[in-house]
């Protein structure tokens, strides 16, 4: 066993540690190792020594010309932060470019631009962060990946996959919402939380899949096909949080876009942030700017719906009350009329009218009868004056032959012919004794 006075190899005894602390307290400098390999647990470097030595080492690196594709470009004051991606392999680096260097760029830099620039590594001592300083940037064309995406966009658009006419409206209140998202991701939490705040009874069918990398397309399309085949899922949300251009590439793959366009269930695309726009956004039935926005748009707000129902109910009650009030006012106006206040007065007036009309009718009938009697008397007098009897009354007689025919011409008779002579009163039978051709 070691006593407190003994020291094991590579360790300091308590006495040695105490002596070392006294030397440091007295200001005596500690002898540091010159190289990293000479440090030990008993003689470590202070952290600043390592940072300074790394800074000195990296500062001696020679600037290197490289070629790559810009997948992220953010301007912040006098500094621009660029994410540069290799043209062939999945390798990316972050580059810091000062405003003076950006001002020298000939042409317009944007996401997808293919550039050649000088990179020089730099180590920030205070934070221990390694960064790349970019300079002498020269655009050499649009990046190959962006070119392929634009070609695919034009192809799918020509096929009509992005046509507004084929997009289906979302149901007002889905029975169940299908959610395809990353495993335990913030996007999943944002969609569920915001949808539940708006409609607490919303029901989710969640499928956690890879949302970036080589497996993303296969897993997302498989989950989409499975949810699309279910009758109880009324809308499907595909959600992913923000990320680099490279991270969002699976959502611009042709297989992914065609799967979304072929789905029978309405699909909501909620990929990245407002500025991100993968091709899936154009094929989906609804594009949400963020997962949070998707959660707000797939279900109605229960408070707004309650306010709407309250407003409609108020308007309905108001309309019924106004109708009842108007009808009551109309009834009051009708009841206030004299004819309804004293119905007998109206009957009395009508009774007087009937009596008056009856009297007029009787008077008219009497006058008409009197006038007709006078007319009949006049006609009778005229008929009587013109009747044969009246002629007979004046002394004339009517002569008829045996057949009853009137004798108008005496020359038609012959002697011995029997005739009948009618006087005003009575008649006689006679025989013709002589016929005279002329009146005597």
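With the structure loaded, tell me whether residue 171 is part of a loop (DSSP other than H, G, I, E, B), surrounded by 13 or more Cβ atoms within 10 Å (Cβ to Cβ) and either touching a helix residue (DSSP H, G or I) at 6+ places or on another chain (Cβ under 9 Å) or not assigned by TED's automatic domain parsing to the domain that holds residue 66 (or both) or whether it fails that test. Show your work before the answer.
Working: part of a loop (DSSP other than H, G, I, E, B): yes; surrounded by 13 or more Cβ atoms within 10 Å (Cβ to Cβ): yes; either touching a helix residue (DSSP H, G or I) at 6+ places or on another chain (Cβ under 9 Å) or not assigned by TED's automatic domain parsing to the domain that holds residue 66 (or both): yes.
Against the criterion (part of a loop (DSSP other than H, G, I, E, B), surrounded by 13 or more Cβ atoms within 10 Å (Cβ to Cβ) and either touching a helix residue (DSSP H, G or I) at 6+ places or on another chain (Cβ under 9 Å) or not assigned by TED's automatic domain parsing to the domain that holds residue 66 (or both)), residue 171 qualifies.
Please verify whether residue 217 is touching a helix residue (DSSP H, G or I) at 6+ places or on another chain (Cβ under 7 Å) and closer than 26 Å to residue 165 by Cβ, treating the condition exactly as stated. Spell out the reasoning first.
Details: touching a helix residue (DSSP H, G or I) at 6+ places or on another chain (Cβ under 7 Å): yes; closer than 26 Å to residue 165 by Cβ: no.
The answer is no for residue 217.
In the list 348, 331, which residue meets the criterion of being more than 60 Å from the chain's Cα centre (by Cα) and on the phi < 0 side of the Ramachandran plot?
On the way: 331 fails: more than 60 Å from the chain's Cα centre (by Cα).
Sole residue among the options that is more than 60 Å from the chain's Cα centre (by Cα) and on the phi < 0 side of the Ramachandran plot: 348.
Say we look at region 122-136 and pick out the residues that are closer than 12 Å to residue 61 by Cβ and under 54 Å from the mean Cα position of the chain (by Cα); which of these is surrounded by the most Cβ atoms within 10 Å (Cβ to Cβ)? Give the steps one after another, and end with the answer.
Step one: filter region 122-136 for residues closer than 12 Å to residue 61 by Cβ, giving 122-123, 130, 132-133.
Right, trim to under 54 Å from the mean Cα position of the chain (by Cα) and you get 130, 132-133.
Values: 130: 14, 132: 19, 133: 15.
The residue in question is 132.
Hey, among 183, 153, which residue is part of a helix (DSSP H, G or I), surrounded by fewer than 18 Cβ atoms within 10 Å (Cβ to Cβ) and modelled with pLDDT of 90 or more?
On the way: 183 fails: part of a helix (DSSP H, G or I).
Sole residue among the options that is part of a helix (DSSP H, G or I), surrounded by fewer than 18 Cβ atoms within 10 Å (Cβ to Cβ) and modelled with pLDDT of 90 or more: 153.
Quick one: in region 246-285, which of the residues that are touching a helix residue (DSSP H, G or I) at 6+ places or on another chain (Cβ under 8 Å) and assigned to a loop (DSSP other than H, G, I, E, B) is nearest to residue 163 (Cα to Cα)?
284
Report yes if residue 206 is in contact with a strand residue (DSSP E or B) (Cβ under 8 Å, 6 or more places away or on another chain), at negative phi and not in a loop (DSSP other than H, G, I, E, B), otherwise no. Walk me through it before giving the result.
Numbers: in contact with a strand residue (DSSP E or B) (Cβ under 8 Å, 6 or more places away or on another chain): yes; at negative phi: yes; not in a loop (DSSP other than H, G, I, E, B): yes.
In short, yes.
State all residues of region 159-168 that are surrounded by 11 or more Cβ atoms within 10 Å (Cβ to Cβ) and not in a loop (DSSP other than H, G, I, E, B); if no residue qualifies, say none.
166
Assuming residue 132 fulfils every condition listed in (1) under 23 Å from residue 254 (Cα atoms); (2) in a strand (DSSP E or B) apart from one, which condition is it?
(1)
Could you list, in sequence order, all residues of region 136-150 that are part of a strand (DSSP E or B) and modelled with pLDDT under 75? Spell out how you get there, then give the answer.
First pass over region 136-150, keeping only residues part of a strand (DSSP E or B): 136-142.
Listed by number, the residues that qualify are 141, 142.
Could you please give the count of residues in region 290-334 that are exposed (fewer than 13 other Cβ atoms within 10 Å of the Cβ) and within 30 Å of residue 190 (Cα to Cα)? Reasoning before the result, please.
First, pick out the residues of region 290-334 that are exposed (fewer than 13 other Cβ atoms within 10 Å of the Cβ): 303-304, 306-334.
Keeping just the survivors that are within 30 Å of residue 190 (Cα to Cα) gives 303-304, 306-310.
Within region 290-334, residues that are exposed (fewer than 13 other Cβ atoms within 10 Å of the Cβ) and within 30 Å of residue 190 (Cα to Cα) number 7.
Only one of (1) touching a helix residue (DSSP H, G or I) at 6+ places or on another chain (Cβ under 6 Å); (2) within 30 Å of residue 180 (Cα to Cα); (3) not in a loop (DSSP other than H, G, I, E, B) is not met by residue 299, so which one is it?
Condition (3) is where residue 299 drops out.
Would you mind finding the one in 400, 390 that is at pLDDT below 85 and surrounded by 10 or more Cβ atoms within 10 Å (Cβ to Cβ)? Working first, answer last.
Details: 400 fails: at pLDDT below 85.
Sole residue among the options that is at pLDDT below 85 and surrounded by 10 or more Cβ atoms within 10 Å (Cβ to Cβ): 390.
The values are calculated or read from the model by the stated rules, or taken from the named source; none is laboratory data. Just so it is clear, the model here is predicted, and its values are computed rather than measured. All Cβ positions, glycine included, derive from the backbone under ideal geometry; neighbour counts span all protein chains shown.
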